1. Considering only the range 198-227, state which residues are without any contact (Cβ under 8 Å) to a residue 40 or more places away in the chain and not hydrophobic (A, V, I, L, M, F, W, C).
2. Just wondering, is there one or more residues in the range 206-225 that are over 16 Å from residue 313 (Cα atoms) and in contact with a strand residue (DSSP E or B) (Cβ under 6 Å, 6 or more places away or on another chain)?
3. Report yes if residue 169 is open to solvent by less than 30 Å² (accessible area, probe 1.4 Å) and in a strand (DSSP E or B), otherwise no.
4. Starting from the range 318-330, keep only residues that are assigned to a loop (DSSP other than H, G, I, E, B), then list their pairs with residues that are surrounded by 11 or more Cβ atoms within 10 Å (Cβ to Cβ) and of a type in the set (D, E, K, R) whose Cβ atoms are within a distance under 6 Å, requiring at least 6 positions of separation or different chains.
5. I'd like to know if the range 82-104 contains one or more residues that are farther than 25 Å from residue 304 by Cα, open to solvent by less than 30 Å² (accessible area, probe 1.4 Å) and in contact with a Pro (Cβ under 9 Å, 6 or more places away or on another chain).
6. Go through (1) assigned to a strand (DSSP E or B); (2) under 20 Å from the mean Cα position of the chain (by Cα) for residue 337 and report which single condition fails.
7. Go through the residues of the range 289-304 one by one and say whether even a single one is out of contact with any Asp or Glu (no Cβ under 9 Å at 6 or more places or on another chain) and of a type in the set (Phe, Trp, Tyr).
8. Quick one: is residue 185 modelled with pLDDT of 90 or more and more than 20 Å from the chain's Cα centre (by Cα)?
Amino acid sequence: MDPPPILTSSDYAATSAGEERHAEIKWDEIGFGIVSTDFMYVMKCSKGEDFGDGSLIPYGNIELPPSAGILNYGQGVLEGLKAYRTKDGSIVLFRPEENARRIKIGAERMCMPSPSVEQFVHAIKKTVIANKRWVPPFGQGSLYIRPLLLGTGSVLGLSPSPEYMLLIYTTPVKSYHKGPLNLVIKDELYRAISGPGGTGGIKSITNYSPAYKALNEAREEGFFDILYLDAATGKFIEEVTGCNIFVVKGNSITTPEAVGTILPGITRKSIIDIAIDLGYQVEERGVPVEELLQADEVFCTGTAVVINPVFSVTYNKTKAKYKTGSGTISSKLYETLTGIQTGLVQDIRGWTLQVD
């Protein structure tokens, strides 16, 4: 493929002019979906080499050979993070270096090169600045950022791609889930194989579409999502389709340990630290289904969902219901986390990074 064009000063001027059109965007009509923003970022390298400088190009379609590694063998990983508008109008990122480290771990598992932490964070910042008019006003959403690391070179035999591309695009969003969730546990299909050798603990592109069948069936039955069990024993909870889960009993908060099949979510990691700071007892370990059914509260965490309470979980013929709403532990954690992300709560850990 031809190298992408470099963004010129006139392009930046157009972006600045676009800032004046900020008020024309109908923020109330934005949900969690794709909105075409202005620019995306591309960085490339060949097998055995390091990533060099990338560049901004207009948002649009990309060209790949039909024999590309990502199209034929699914060699790719993804990330997800957000940019937030604070009350004073600044734009901040939340822990982007954690996404950079996680994509490196995923790339190594998928036999791919990856940008350095510094390159990744720099690319994220440039992409957000170029699309700054699409960062919603304070309290009206966030700019979702989707980095993709793809095997773009041609392969026919079963081998790693000879060429790779980091592609970053953005879209303004509101919450992925609205209101408390009703989940169902199904044991016919599993989201990840047991043990440390699979890809359940990384954000491999191939992890997600296998869940569509079970998810569609659950929604046809009136549930919003599925809570998966471990494939080895079928006795312990693991994850919801696209987010981590926490179980609350009294002053104790428990979540499945992020080993092998559990994705080490960045929101998950942050919530553990916040909960400890607030005086709760937090434990990472195997959580039996029976313990889940006896919980006071259950909630999910993730970049897209932030913190979302669970209203009920159905397992076989048992339907457990949980506390939701104001005064719950999940609501306190949500207020603290989103407060840090938007500047309302002091960021004592240095988690936020100002972009502009």
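The values are calculated or read from the model by the stated rules, or taken from the named source; none is laboratory data. Just so it is clear, the model here is predicted, and its values are computed rather than measured. Neighbour counts run over all protein chains shown; Cβ positions are idealised from the backbone, glycine included. Quick note on the areas: whole protein, heavy atoms, side chains included, nothing else; ligands and nucleic acids left out. Shrake-Rupley method; radii C 1.70, N 1.55, O 1.52, S 1.80 Å.
1. Kept after step one, since they are without any contact (Cβ under 8 Å) to a residue 40 or more places away in the chain, are these residues of the range 198-227: 207-221.
Matches in the range 198-227: 207, 208, 209, 210, 212, 213, 216, 217, 219, 220, 221.
2. no
3. Values: open to solvent by less than 30 Å² (accessible area, probe 1.4 Å): no; in a strand (DSSP E or B): yes.
So residue 169 does not fit the description; no.
4. Correct list of pairs: 322/297; 323/296; 323/297; 328/297.
5. Initial filter on the range 82-104 (farther than 25 Å from residue 304 by Cα): none.
Within the range 82-104 (the criterion being farther than 25 Å from residue 304 by Cα, open to solvent by less than 30 Å² (accessible area, probe 1.4 Å) and in contact with a Pro (Cβ under 9 Å, 6 or more places away or on another chain)), the answer is no, since none of the residues qualifies.
6. Status for residue 337: all satisfied but (1).
7. Initial filter on the range 289-304 (out of contact with any Asp or Glu (no Cβ under 9 Å at 6 or more places or on another chain)): 289-299, 301-302, 304.
With the extra rule that they be of a type in the set (Phe, Trp, Tyr), the set shrinks to 299.
Yes, there is a match, as at least one residue in the range 289-304 is out of contact with any Asp or Glu (no Cβ under 9 Å at 6 or more places or on another chain) and of a type in the set (Phe, Trp, Tyr).
8. Values: modelled with pLDDT of 90 or more: yes; more than 20 Å from the chain's Cα centre (by Cα): yes.
So residue 185 fits the description; yes.
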